[in-house]
Amino acid sequence: MLAHVRPALVMMVLFTLLTGLAYPLAMTGLAQLVFPSAANGSLMIRANTIVGSELVGQSFTSDRYFWPRPSAAGDKGYNAASSSGSNLGPLSKKLIERVNGDVAALHKAGATSPIPVDAVTASASGLDPHISPTFAAQQVARIAAARKIPEAQVRELVERATEQPFLGLFGERRINVLRLNLALDAAPPPGAG
Amino acid sequence: MTPVGWLQIALVLGAVLVCAWQLGLYMARVFQAEKTFLTPVLLPVERAFYNAAGIRFEKEQSWLTYTLAMLAFNALGFLVLYALMRLQALLPLNPQGFAGVAPDLAFNTAMSFATNTNWQAYGGETTMSHLVQMAGLTVQNFLSAATGIALAIAVTRAFARSSAQTLGNFWVDMTCATLYVLLPLSVLVAITFALTGVPQTLAGSVEATTLEGAKQTIALGPVASQEAIKQLGTNGGGFFNANAAHPFENPNAWSNALSIWSMLLVATALTFTFGRMVGDRRQGLALLFAMYALLIAATAVVYWAEASGNPLLAKEGVDIAAGNMEGKEIRFGQALSALYVVATTGLSCGAVNTMHNSLMPLGGSVPLFLMQLGEILPGGVGSGLYGMIVVALLTVFIAGLMVGRTPEYLGKKIEAREMKLAMLAVLILPLVILGFSAASAMLPKALESLANPGPRGLTEILYAYSSATGNNGSAFAGLSANTTWYNTTLGIAMLLGRFAYIVPVMAIAGALAAKKKVPVSPGTFPTHGPLFIGLLIGVILILGGLQYFPALALGPIVEHFLMHAGKTF
């Protein structure tokens, strides 16, 4: 066993330098050079303020914005420094009670039956940036009323924000909530024509 | 289940098989010291490494020396990682200022990464400094995978050689696995991940102000480089707590397909390497066929169970046509979420893009059972191949009993000593899994960690020990495993599952290498035809079923029937 100590030590040092420092640092340099936006987290900037990352979901509670899915990341949800799913099993009383409460809240906010499943289930990361087109459609009336703009205008924004699967195959039909809400804010105010 | 879903699954698996075939042949050249297109660049580096470490690369080792070198190297890796974690507060590259890791968690994590398990009892973005993530965890991602490849190659040589006393040189095999296989692949995959949007920065986190004026802290880091080797090396330890479900580890359908492709690639390729090195590619294909037949069947079960959705939610007025979405991300879809669940547990990867604890009862039983089968479908890099070879030995033995002949595999007579060692290896897994699970199910302190009561609670415990012993690392993550009891016992389970399994396997390899190759005769049972493949699949299922069915019946199976009876916990 002693004969193996020197090779083990030297190889550990060499491979730590190669795979633990040179490799990640070279990849960092390359990524920063070639894909600077993605390498730094695909941040969305409006009026010189970072408003979030295009990839990472965030919480919206106001009636003026589209709401995301429920989230179990952190205590209040959408904590992007503490990703997590709910880890509740399908037979969990806690799950059924949570869903029951969310369904009631959505109905109160103008959603119609049946509620799409993504609207009341927590994602795996707690940071899902997307919602389904059905869930978005159910929120149109609420947002149009809150912003006092025609429903058709909101519906058109939803349609424009809907991402289609590539070649009809890879990726689901989905809507990025932060992008859609930014588009809402950028839309002309009521009466502007 | 939809045809489009199945088409996605078929395309990803097709891409894996084509690339694995080429990679497998390339690896055969590497480990037979033949020239490859990378040799001119890498040979000087390789030689410089050997010189610095005083390694005589031309000198081969017996199975025992090979195994001892491997153990020494892995023991040192464990110690270095443990020290890095304990001392991270004093070391550089700690932008978030994390404190040193607690002793039990550091033991568990160091064991976890040294054994290629990558079980994570911690949340990456809230616990580990960038230095630990890079110089500690990423390094072990490479080296534990390289160790697995080296061992698989050593076992392969036992069948390729006749009357041989040596199995190769551990230092050379491990170095070649890293330099010629894992590192170049990681560079390619890391760049592709970065292209799909995975971050790669040394910054710690950024502060965002949302449209509603709230603050959101977004954790960042050198994710792409770690993600690449984590998938390729079937390590599975994520940069973030949510692992490959986190949008930064897996931002879209492309990164998701790449993620599945890269975790299946090397383990699949090794079956082609095996066929080439033993001089009969049909032997490798037979193992491959058995692996993929079971893998696809498992995918069908998970896909069906998850796409059917949760009937209890339908009663609450929810439209469940999109399937079970608790613990799933919209961008991946049900088909590739199901394939991910199966691939990560058929392999010993353990990366997740779906929270397994929220899978439907039968959907969750599949990853659990796949891990209990010993991670051979197609298994961890290296460990899957030698695990499968052990089952192949059992299969020829059982076939031999049926017709009353001395069993042979690839021209090597399988005798009492090999069978005893094979049974020893096979029995270690259920002993550790069921033993620790039974103890945990009786200890009140251990039961406090459960997230779900009822049968799912038992499944959480079983899953944890199956995952640790099989060196998988995925979790029914509701279980609060960061306690002294779980950190310690799971650490021991990982240690036994990896090394107590490897030693008998290497002893078998040593015994078989020394035997003369018997020429094929009319009485030889062919180990490349459909009959053998069928028997092999049968032995895998019967072995797993006999060992674990009673435990599974009390967990996911009873849960499935309770769900349809409308019972909640």
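Working only within region B:524-553, note down all residues that are surrounded by fewer than 14 Cβ atoms within 10 Å (Cβ to Cβ) and touching a helix residue (DSSP H, G or I) at 6+ places or on another chain (Cβ under 7 Å).
Matches in region B:524-553: B:526 only.
Please determine, by comparing only the residues of region B:30-46 that are over 28 Å from the mean Cα position of the chain (by Cα) and of a type in the set (A, V, I, L, M, F, W, C), which one is nearest to residue B:273 (Cα to Cα).
Going through the qualifying residues, I end up with B:37.
Go through region A:135-149 and count every residue that is more than 14 Å from chain B (Cβ to nearest Cβ) and touching a residue at least 24 places away in the same chain (Cβ under 8 Å).
The total comes to 6.
Working carefully through the options A:127, A:157, A:91, A:95, find the one that is farther than 30 Å from residue B:452 by Cα and either assigned by TED's automatic domain parsing to the domain that holds residue A:60 or not charged (D, E, K, R) (or both).
None of the others qualify; the one that does is A:157.
Looking at region B:76-99, which of the residues that are over 24 Å from residue B:144 (Cα atoms) and out of contact with any helix residue (DSSP H, G or I) (no Cβ under 9 Å at 6 or more places or on another chain) is surrounded by the most Cβ atoms within 10 Å (Cβ to Cβ)?
Only one residue fits best here, namely B:89.
Can you tell me which residues in region B:504-522 are surrounded by fewer than 19 Cβ atoms within 10 Å (Cβ to Cβ) and either free of Cβ contacts under 8 Å to residues at least 60 places away in the same chain or in a helix (DSSP H, G or I) (or both)?
Answer for region B:504-522, where residues must be surrounded by fewer than 19 Cβ atoms within 10 Å (Cβ to Cβ) and either free of Cβ contacts under 8 Å to residues at least 60 places away in the same chain or in a helix (DSSP H, G or I) (or both): B:511, B:514, B:521, B:522.
Hey, can you tell me all the residues within region B:275-304 that are over 23 Å from residue B:152 (Cβ atoms) and either surrounded by 22 or more Cβ atoms within 10 Å (Cβ to Cβ) or modelled with pLDDT under 95 (or both)?
If the condition is that a residue be over 23 Å from residue B:152 (Cβ atoms) and either surrounded by 22 or more Cβ atoms within 10 Å (Cβ to Cβ) or modelled with pLDDT under 95 (or both), then B:299, B:302, B:303 are the ones that fit.
Residues in region A:162-172 that are more than 9 Å from chain B (Cβ to nearest Cβ) and in contact with a Pro (Cβ under 9 Å, 6 or more places away or on another chain): how many?
Residues meeting the conditions: 1.
Of all residues in region B:483-541, which are within 27 Å of the chain's Cα centre (by Cα) and aromatic (Phe, Trp, Tyr)?
Answer for region B:483-541, where residues must be within 27 Å of the chain's Cα centre (by Cα) and aromatic (Phe, Trp, Tyr): B:485, B:486, B:499, B:501, B:532.
Taking region B:440-457, which residues are away from every other protein chain (no Cβ under 14 Å) and in a helix (DSSP H, G or I)?
B:440, B:441, B:442, B:444, B:445, B:446, B:447
Scan region B:278-305 residue by residue and report those that are more than 29 Å from residue B:154 (Cβ to Cβ) and among the β-branched types (Val, Ile, Thr).
Result: B:296, B:299, B:301, B:302.
Scan the helices (runs of 4 or more DSSP H) fully inside region B:109-224 and keep the ones with 2 or more residues being surrounded by fewer than 22 Cβ atoms within 10 Å (Cβ to Cβ) and facing chain A (nearest Cβ under 10 Å).
B:183-196
Return the residues of region B:412-430 that are surrounded by 14 or more Cβ atoms within 10 Å (Cβ to Cβ) and in a helix (DSSP H, G or I); say none if nothing qualifies.
B:418, B:419, B:421, B:422, B:423, B:424, B:425, B:426, B:428, B:429, B:430
When region A:20-60 is examined, which residues are found to be farther than 22 Å from residue B:196 by Cβ and at the interface with chain B (Cβ under 7 Å from one of its Cβ atoms)?
Passing the criteria: A:20, A:21, A:49, A:51, A:59, A:60.
Looking at residue B:55 and the list (1) over 28 Å from residue B:347 (Cβ atoms); (2) of a type in the set (Val, Ile, Thr); (3) part of a helix (DSSP H, G or I), which single condition is not satisfied?
Just one mismatch for residue B:55, condition (3).
Please work out which residue is farthest from the other protein chains (Cβ to nearest Cβ), limiting yourself to region B:344-363 and to residues that are over 20 Å from residue A:123 (Cβ atoms) and aliphatic (A, V, I, L, M).
Here the residue is B:347.
Answer yes if at least one residue in region B:509-531 is within 14 Å of chain A (Cβ to nearest Cβ) and either over 28 Å from residue B:327 (Cα atoms) or among the polar types (S, T, N, Q) (or both), and no otherwise.
Among the residues of region B:509-531, not one is within 14 Å of chain A (Cβ to nearest Cβ) and either over 28 Å from residue B:327 (Cα atoms) or among the polar types (S, T, N, Q) (or both), which makes the answer no.
May I ask you to list the residues in region B:364-389 that are among the aliphatic types (A, V, I, L, M) and within 14 Å of chain A (Cβ to nearest Cβ)?
Matches in region B:364-389: B:368 only.
Given the criterion among the aromatic types (Phe, Trp, Tyr) and modelled with pLDDT under 95, identify the matching residue among B:37, B:49, B:98.
That would be B:98, the only listed residue that is among the aromatic types (Phe, Trp, Tyr) and modelled with pLDDT under 95.
The values are calculated or read from the model by the stated rules, or taken from the named source; none is laboratory data. Computed from a predicted structure; not experimentally measured. Every residue, glycine as well, gets a Cβ built from its backbone with ideal geometry; the counts of neighbours run over all protein chains shown.
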